[in-house]
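Chemist: The structure that follows is given in the form of C-alpha coordinates.
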Amino acid sequence: YLGKYSQQAKKIIALNKGAKRNLKKAGVKQSKIKSMIWGTWGVDRDEFHPKKSIKTKKPLLLFVGKIAPQKGIYSLIRALRILREKIPGIKLQVIGFGPLVDKIKKEPEVEYVGIIKNKNIPKYYVWS
(Lines give C-alpha, C1' and ligand atoms only; values in the text may rest on other atoms or scores of the structure.)
Protein backbone atom coordinates (compact mmCIF):
# COMPACT_ATOMS: atom_id res chain seq x y z
CA TYR A 1 0.00 0.00 0.00
CA LEU A 2 2.83 2.38 0.78
CA GLY A 3 4.10 2.49 -2.78
CA LYS A 4 0.57 2.85 -4.18
CA TYR A 5 -0.44 5.77 -1.94
CA SER A 6 2.90 7.50 -2.20
CA GLN A 7 2.42 7.86 -5.97
CA GLN A 8 -0.39 10.35 -5.29
CA ALA A 9 1.60 12.45 -2.82
CA LYS A 10 3.68 15.47 -3.80
CA LYS A 11 5.90 15.14 -0.71
CA ILE A 12 6.21 12.57 2.06
CA ILE A 13 7.66 13.42 5.44
CA ALA A 14 9.94 10.86 7.07
CA LEU A 15 10.28 11.38 10.83
CA ASN A 16 13.23 9.03 11.22
CA LYS A 17 15.84 7.14 9.21
CA GLY A 18 13.85 3.91 9.41
CA ALA A 19 10.81 5.55 7.82
CA LYS A 20 12.97 6.99 5.06
CA ARG A 21 14.52 3.58 4.42
CA ASN A 22 11.06 1.95 4.24
CA LEU A 23 9.83 4.58 1.80
CA LYS A 24 12.80 4.01 -0.49
CA LYS A 25 12.30 0.24 -0.26
CA ALA A 26 8.66 0.73 -1.31
CA GLY A 27 9.84 2.53 -4.44
CA VAL A 28 9.21 6.12 -3.41
CA LYS A 29 11.44 8.53 -5.31
CA GLN A 30 14.09 10.28 -3.21
CA SER A 31 12.83 13.66 -4.53
CA LYS A 32 9.46 13.09 -2.80
CA ILE A 33 10.93 12.26 0.61
CA LYS A 34 11.46 15.13 3.04
CA SER A 35 13.42 14.20 6.17
CA MET A 36 12.23 15.98 9.28
CA ILE A 37 13.93 14.23 12.14
CA TRP A 38 11.93 15.08 15.24
CA GLY A 39 13.05 14.50 18.79
CA THR A 40 15.62 12.00 19.88
CA TRP A 41 15.52 8.56 18.33
CA GLY A 42 17.64 6.18 20.32
CA VAL A 43 20.68 7.07 22.38
CA ASP A 44 23.68 8.96 21.07
CA ARG A 45 26.46 6.89 22.64
CA ASP A 46 28.99 9.67 22.06
CA GLU A 47 26.89 12.05 24.11
CA PHE A 48 25.44 9.80 26.84
CA HIS A 49 28.36 8.26 28.63
CA PRO A 50 29.95 9.31 31.89
CA LYS A 51 33.39 10.74 31.17
CA LYS A 52 34.19 10.37 34.82
CA SER A 53 32.11 9.70 37.86
CA ILE A 54 30.76 12.85 39.42
CA LYS A 55 30.07 12.48 43.10
CA THR A 56 27.03 14.27 44.46
CA LYS A 57 26.50 15.05 48.12
CA LYS A 58 23.29 13.01 48.22
CA PRO A 59 22.09 10.04 46.18
CA LEU A 60 20.04 11.22 43.22
CA LEU A 61 17.34 9.68 41.03
CA LEU A 62 16.37 11.25 37.72
CA PHE A 63 13.11 11.38 35.76
CA VAL A 64 13.11 12.87 32.26
CA GLY A 65 9.86 13.00 30.34
CA LYS A 66 6.26 14.14 30.28
CA ILE A 67 5.04 14.66 33.82
CA ALA A 68 1.76 12.79 33.53
CA PRO A 69 0.06 9.91 35.37
CA GLN A 70 0.53 7.49 32.46
CA LYS A 71 4.32 7.97 32.67
CA GLY A 72 4.40 6.44 36.16
CA ILE A 73 5.49 9.53 38.08
CA TYR A 74 3.30 8.66 41.09
CA SER A 75 4.79 5.16 41.24
CA LEU A 76 8.25 6.67 41.11
CA ILE A 77 7.47 8.98 44.04
CA ARG A 78 6.09 6.04 46.05
CA ALA A 79 9.26 4.08 45.29
CA LEU A 80 11.34 7.08 46.34
CA ARG A 81 9.61 7.15 49.73
CA ILE A 82 10.47 3.47 50.23
CA LEU A 83 14.07 4.09 49.20
CA ARG A 84 14.34 6.99 51.65
CA GLU A 85 13.94 4.51 54.50
CA LYS A 86 17.09 2.70 53.33
CA ILE A 87 18.95 5.62 51.76
CA PRO A 88 18.39 8.77 53.83
CA GLY A 89 18.65 12.00 51.88
CA ILE A 90 17.95 10.50 48.48
CA LYS A 91 16.35 13.02 46.10
CA LEU A 92 14.48 12.87 42.82
CA GLN A 93 15.16 15.39 40.08
CA VAL A 94 12.38 15.82 37.53
CA ILE A 95 12.99 17.24 34.07
CA GLY A 96 10.10 17.90 31.72
CA PHE A 97 6.63 19.33 31.64
CA GLY A 98 3.08 18.06 31.81
CA PRO A 99 -0.24 18.19 33.62
CA LEU A 100 1.23 17.19 37.01
CA VAL A 101 3.95 19.85 37.26
CA ASP A 102 2.19 21.83 40.00
CA LYS A 103 1.66 18.69 42.10
CA ILE A 104 5.25 17.55 41.62
CA LYS A 105 6.59 20.92 42.75
CA LYS A 106 4.83 20.42 46.11
CA GLU A 107 6.55 17.10 46.81
CA PRO A 108 9.29 17.71 49.42
CA GLU A 109 11.60 14.98 48.11
CA VAL A 110 11.39 16.20 44.51
CA GLU A 111 13.53 18.86 42.87
CA TYR A 112 11.71 20.12 39.79
CA VAL A 113 14.27 21.24 37.20
CA GLY A 114 11.79 22.16 34.46
CA ILE A 115 12.26 22.02 30.73
CA ILE A 116 15.84 21.94 29.51
CA LYS A 117 17.43 21.63 26.09
CA ASN A 118 18.26 18.10 24.93
CA LYS A 119 21.93 19.02 24.68
CA ASN A 120 21.98 19.67 28.46
CA ILE A 121 20.35 16.39 29.52
CA PRO A 122 23.52 14.24 29.49
CA LYS A 123 25.04 16.09 32.45
CA TYR A 124 21.98 15.25 34.55
CA TYR A 125 22.36 11.58 33.69
CA VAL A 126 26.00 11.70 34.78
CA TRP A 127 25.02 13.32 38.10
CA SER A 128 22.29 10.80 38.90
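Chemist: For a 25 Å ceiling on Cα separation, which of these pairs sit above it: 11/119; 34/66; 71/103; 58/105; 24/117?
Modeler: Values: 11/119 30 Å; 34/66 28 Å; 71/103 15 Å; 58/105 19 Å; 24/117 32 Å.
Pairs exceeding the cut-off: 11/119; 34/66; 24/117.
Chemist: Might you work out the accessible area of residue 85 for me, using a 1.4 Å probe with all protein chains in place, and round it to the nearest 10 Å²?
Modeler: 150
Chemist: So how do 91-102, 61-72 stack up, highest first, on mean other-Cβ count within 10 Å?
Modeler: Per-residue Cβ counts within 10 Å, averaged per peptide and sorted highest first, yield 91-102, 61-72.
Chemist: Here's something else I'd like to know. Kindly report, to the nearest 10 Å², the accessible surface of residue 78 as traced by a 1.4 Å probe over protein heavy atoms only.
Modeler: Surface accessible to solvent at residue 78 totals approximately 130 Å².
Chemist: Compute from the Cα atoms of the range 66-125 the Rg and the Dmax, the latter being the longest Cα-Cα distance, and quote both in angstrom.
Modeler: 11.9, 34
Chemist: Roughly how many nanometres apart are two label points built 7 Å out from the Cα toward the Cβ at residue 83 and residue 124?
Modeler: Between residue 83 and residue 124, the label points sit 1.4 nm apart.
Chemist: At a Förster distance of 25 Å, what's the computed FRET efficiency of residue 9 paired with residue 66, Cβ-Cβ distance as r, to 0.05? Present the calculation step by step, with values, prior to reporting the outcome.
Modeler: On the way: r = 31 Å, r/R0 = 1.24.
E between residue 9 and residue 66, to the nearest 0.05, is 0.20.
The values are calculated or read from the model by the stated rules, or taken from the named source; none is laboratory data. Since the model is a prediction, treat every value here as computed from it, not as a measurement. Virtual Cβ from ideal backbone geometry, glycine too; neighbours counted across all protein chains shown. These area figures cover heavy atoms from the full protein model, side chains too; ligands, DNA and RNA do not enter into them. Shrake-Rupley method; radii C 1.70, N 1.55, O 1.52, S 1.80 Å.
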